[in-house]
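The values are calculated or read from the model by the stated rules, or taken from the named source; none is laboratory data. The model shown is predicted, which means the values in this text are computed figures rather than measured ones. Here Cβ is always computed from backbone atoms with ideal geometry, including for glycine, and neighbour counts include all displayed protein chains. Only protein heavy atoms, including side chains, enter the accessible area calculation; ligands, DNA and RNA are left aside. Shrake-Rupley method; radii C 1.70, N 1.55, O 1.52, S 1.80 Å.
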Amino acid sequence: MGEDAESPKINHTFLRDYVTEADVISTVEFNQTGDLLATGDKGGRVVIFQRETESKGESEEAGETGDSGEYNVYSTFQSHEPDFDYLKSVEIEEKINKIRWLPQQNAAHFLLSTNDKTVKLWKVSERDKRPEGYNLKDEEGRLKDISTITSLQVPVLKPTDLMVEVRPRRVFANGHTYHVNSISVNSDGETYLSADDLRINMWHLGITDRSFNIVDIKPANMEDLTEVITAAEFHPHHCHLFVYSSSKGTLRLCDMRASALCDKHTKLFEEPEDPGNRSFFSEIISSVSDVKFSHSGRYLLTRDYLTAKVWDINMDKGPVETYQVHEYLRSKLCSLYENDCIFDKFECVWNSSDSVIMTGAYNSFFRMFDRETGRGVTLEAWRESSKPRAVLRTRRVYTGGKRRRGDVGVDSLDFTKKILHMAWHPSENIIAIAATNNLYIFQDRVNPETQAQ
């Protein structure tokens, strides 16, 4: 078919950058071994990636570059569908808010996924054999005429192509009136918590029709509401301890041994506000968007809009470390409020040894901070510079002084390209970064011999 000379040219750059809302990644999580990586998106889908094991020859060749197996798609399934709350006449989005893996007990893997209202438990298993030689069925699965059966045989398992099966095992519904923002698996391996804006519930993995309310901050009169729950997590080793954060910037450590309903916290972590720095945006930017226990269980890592903070659970007077993520945005808070970016919820993660923390920023930037030296580095998750085996270069935002080549001005930052979700491998320096509909996996190539790469 001939092309009209006056027909408009297709903007291929626009087509490449166009992202369907349903494809935007909304959560990333490694399992306990790091061999599986799960992502959830706004379309309610879960994609599981598996780390490929390499042969000896391949690993020796990869040792030169420091790579130790790529992550390839293992399974994809629809976790949640759009729903409708007929009592409140509101739509329930299918977006996956959180994914958490359960500790592996056998050959199968189990994970929890949640949208705004419903938590589901999924079983992920492999099948590479199928039974043959039934007595009452023929090869096509049809029942035989019993009168034709003259002898009995023992069914046998025959090898077949590998199949990955994902099946829903439990559906934990009707536990939340408000939007679920967190789920956390307990160290006892039998229970987990789910938190919404005003309540935290504890569930048994084997019981779906009831949960136990452990925190309820809903006031008798909703006009008296001053804060909401933003995140919650169990302690990694002590099954009776959990922490939750609030929109006022506070952290509350609760001990379930003290009382059944943990409305009264064991410890309150709060940083005193400097009256001289108070502004219209103070309460908004102090809201904690994420809280994570360190692997040791000694420290808490939190993220608010401008900073990442480390707290010692034995010191509740204030954070022991504060890292400025993008302090240069403080002068831009008014415009960030107008375009709603000030309400973005950034996640934060620890590395396996709790010596480095990582969190996201704008312009496809993410930041890492070395806790020993206090130094931070800015890196970029960008398609053009993130080709396989390419070395990531550090980036810098120009805020004044001598401008270097490659610096990015504050006014040039793209606030639509935000790094909100990320995960760190539980034992190696491998990180997964979600940038809109793209998943980037980066690996530290330093000391490949010591990391068996």
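Tabulated values for the structure
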item	result
In the range 108-138, residue farthest from Val171 (Cα to Cα) [restricted to those that are in contact with an Asp or Glu (Cβ under 8 Å, 6 or more places away or on another chain) and open to solvent by 90 Å² or more (accessible area, probe 1.4 Å)]	Arg127
Test result for Asp274, open to solvent by 20 Å² or more (accessible area, probe 1.4 Å) and more than 27 Å from Lys218 (Cβ to Cβ)	yes
Pairs where the first residue, in the range 406-422, is in contact (Cβ under 8 Å) with a residue 12 or more places away in the chain and part of a strand (DSSP E or B) and the second is buried (at least 19 other Cβ atoms within 10 Å of the Cβ) and of a type in the set (Asp, Glu), C-beta under 9 Å, 6+ apart	His421/Glu347; Met422/Glu347
Where a residue in the range 80-94 is open to solvent by 50 Å² or more (accessible area, probe 1.4 Å) and its partner, wherever it lies, is of a type in the set (A, V, I, L, M), with Cβ under 7 Å and at least six apart	Pro82/Ile92; Asp83/Ile92; Phe84/Ile92
The range 139-166: number of residues that are surrounded by 11 or more Cβ atoms within 10 Å (Cβ to Cβ), charged (D, E, K, R) and under 38 Å from the mean Cα position of the chain (by Cα)	1
Conditions (1) part of a loop (DSSP other than H, G, I, E, B); (2) modelled with pLDDT under 90: number failed by Asp116	(2)
Checklist (1) modelled with pLDDT of 95 or more; (2) under 19 Å from Phe242 (Cα atoms); (3) open to solvent by less than 30 Å² (accessible area, probe 1.4 Å) applied to Thr307, failing item	(2)
Filter result (assigned to a strand (DSSP E or B) and open to solvent by 60 Å² or more (accessible area, probe 1.4 Å)) within the range 167-205	Arg167, Pro168, Arg169, Arg170, Val171, His204
Unique match (being more than 26 Å from Ile229 (Cβ to Cβ) and either without any contact (Cβ under 8 Å) to a residue 12 or more places away in the chain or open to solvent by less than 10 Å² (accessible area, probe 1.4 Å) (or both)) among Glu338, Glu327, Glu372	Glu338
